[in-house]
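Peer 1: Quick one: this structure, given as structure tokens, is what I'll be asking you about.
The values are calculated or read from the model by the stated rules, or taken from the named source; none is laboratory data. Just so it is clear, the model here is predicted, and its values are computed rather than measured. All Cβ positions, even for glycine, are placed from backbone atoms using ideal geometry, and neighbour counts span all protein chains on display.
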Amino acid sequence: MQTPAPFDYERATSVDGAIASLEKLGPDARIIAGGHSLLPMMKLRLAKPKHLIDINDLAELSYIRDEWGEVRIGALTRHVQLEKSDLLARLFPIFRDAETVIADPVVRNRGTIGGSLCQADAAEDLSAVCSALKAQVVIRGTGGERVVSMEEFHVGPFQTAVGDGELLTEIRIPVRPGGGSAHEKVERRAGDWAIAAASAAVWIEDGKIAEAGIALSAVALTTVHATRAEEALRGQAPSQELFAQAGAIAAEDCSPTADGRGPVDYKRHLAGVLTERALARAASRVRREEGS
Amino acid sequence: MNVSIAINGEQVSRDIEPRMLLVHFVRETDGLTGTHWGCDTSNCGACVVLLDGEPVKSCTILAAMAEGHEVRTVESLEVDGELDPVQQGFHEQHALQCGFCTPGMLMTARALLDANPDPTEHEIRTAISGGICRCTGYKNIVAAIQWAAKHEAASREEVRA
């Protein structure tokens, strides 16, 4: 029987209250939202928080809004809401690509975007999605808010920039004209973690790639920000050859480890092919209407 | 701590450790052993119950997190000796052998048909993809849910007529 080690439980009634509790209880306190990453870790004693602060009642952290030129997503927004959002499907179809292959629909009823990002598991999909989209995240503590990029957010394996006494509250994704995005994943069976996955976004202006975002899942100890492959795309006209080149660079820049899901060369091959496919699909989805 | 959860319409209050999982609250403190406790890792789906109408894996939710919410278990499906159409469908289509996955499959199917009364085969297969059945190969489970959808549609027609 798998049961977590004992802990104290409290239910937050406000964001400020949750942060005050985190501050008061110190590093032995953890936030719980969907719980589908944290509870399995606690059952295995990989995490042993002495206090859990349940934020599931904080409806003010659950939203997907289009405002001031960016889409803002509350940290408590659940996978099922990301999957069903028409706003995201229109502006960032990469979310629906990823959400239909993250775990299964029953798990997606509970898991949240904030929890997925804060778990910072290299094999998790939304970390790569947000990285490819050049998202920023809002981290709040008793001293106020700070906004960090995904590069700054990812500190190491299972480690993020969210410190003791702080709460991830929001994800902000800039909306620029000419954007398209896609996520490609290969898994052993429905609902499994990726063998490898690639998230890609491109923004095309006057027939050239003005900006590109590429991030990979499950092919290193952390989410791979494929910055060298992105650089190879900037200023170029989109083509299948160019996307293949970018895929080859991304494959070089990842560092997979062999495990039950496959050997290193297979995962590296997948990283390249999936990057190329994700870029091609992202480019095919570039929105025609200017200024949206 | 004291936790109070509405299970199948009845308020159940118990003193428990905060670490108690919802599946154990349902099975051990309330004696509703129809909900099965399988993999304990949110993979198999045998423990699926409805939380405020949505299917969830009760092995990966603390009982304390369900306080103030409504839980519906497989025991609620049959009313006054009459089986729910999804139960009848499993019977008609021989959708179980050992029966271990069945409570989770039934509750997942019930939630699917409540939200989408006329699902495609693909939608059914997606909905139950969080449940593992090692006996049937899923074919008869899909057929059972299709049977239930068809019969529920027919009874809605009768009510209208």
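Peer 1: For segment A:57-100: of the residues being surrounded by 19 or more Cβ atoms within 10 Å (Cβ to Cβ), among the hydrophobic types (A, V, I, L, M, F, W, C) and out of contact with any helix residue (DSSP H, G or I) (no Cβ under 7 Å at 6 or more places or on another chain), which is nearest to the other protein chains (Cβ to nearest Cβ)?
Peer 2: So the residue we want is A:Phe92.
Peer 1: Would you please name the residue that is surrounded by the most Cβ atoms within 10 Å (Cβ to Cβ), looking only at residues in segment A:1-17 that are more than 7 Å from chain B (Cβ to nearest Cβ), closer than 24 Å to A:Ile139 by Cβ and in contact with a helix residue (DSSP H, G or I) (Cβ under 9 Å, 6 or more places away or on another chain)?
Peer 2: Only one residue tops the list, namely A:Ala12.
Peer 1: Next question. Which residue is farthest from the other protein chains (Cβ to nearest Cβ), if the candidates are limited to segment B:48-61 and must be surrounded by 24 or more Cβ atoms within 10 Å (Cβ to Cβ) and part of a strand (DSSP E or B)?
Peer 2: B:Val49
Peer 1: While we're looking at this one, here's another question. Identify the single condition in (1) away from chain A (no Cβ under 12 Å); (2) assigned to a helix (DSSP H, G or I); (3) closer than 23 Å to B:Glu123 by Cα that B:Gly99 does not satisfy, given that it satisfies every other one.
Peer 2: The single condition B:Gly99 does not satisfy is (2).
Peer 1: Pull up segment B:17-33, narrow it to residues that are at pLDDT 95 or above and surrounded by fewer than 18 Cβ atoms within 10 Å (Cβ to Cβ), then point me to the one that is farthest from the other protein chains (Cβ to nearest Cβ).
Peer 2: B:Thr33
Conditions tested, residue by residue: (1) without any contact (Cβ under 8 Å) to a residue 40 or more places away in the chain; (2) assigned by TED's automatic domain parsing to the domain that holds A:Ala89; (3) surrounded by fewer than 18 Cβ atoms within 10 Å (Cβ to Cβ).
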position: A:Leu233; (1), (2), (3): no, no, no
position: A:Pro238; (1), (2), (3): no, no, no
position: A:Ala248; (1), (2), (3): yes, no, yes
position: A:Glu252; (1), (2), (3): yes, no, yes
position: A:Pro263; (1), (2), (3): yes, no, yes
position: A:Lys267; (1), (2), (3): no, no, no
position: A:Ala271; (1), (2), (3): no, no, no
position: A:Glu276; (1), (2), (3): yes, no, no
position: A:Leu279; (1), (2), (3): no, no, no
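Peer 1: Sticking with this structure for a sec: Going through A:Ala200, A:Ala244 one at a time, which residue ends up being outside the structural domain of A:Pro105 (by TED's automatic domain parsing) and crowded, with 20+ Cβ neighbours inside 10 Å?
Peer 2: Among A:Ala200, A:Ala244, only A:Ala200 is outside the structural domain of A:Pro105 (by TED's automatic domain parsing) and crowded, with 20+ Cβ neighbours inside 10 Å.
Peer 1: Follow-up. Of all residues in segment A:1-27, which are not hydroxyl-bearing (Ser, Thr, Tyr) and not in a helix (DSSP H, G or I)?
Peer 2: A:Met1, A:Gln2, A:Pro4, A:Ala5, A:Pro6, A:Phe7, A:Asp8, A:Glu10, A:Arg11, A:Ala12
Peer 1: Turning to a different aspect of this structure: Those residues that are in a loop (DSSP other than H, G, I, E, B) and either within 17 Å of A:Ile139 (Cα to Cα) or in contact (Cβ under 8 Å) with a residue 60 or more places away in the chain (or both), I need them from segment A:28-47; list them, please.
Peer 2: A:Ala33, A:Gly34, A:Gly35, A:His36, A:Ser37
Peer 1: Of all residues in segment B:6-28, how many are part of a strand (DSSP E or B) and farther than 13 Å from B:Val48 by Cα?
Peer 2: So the answer is 8.
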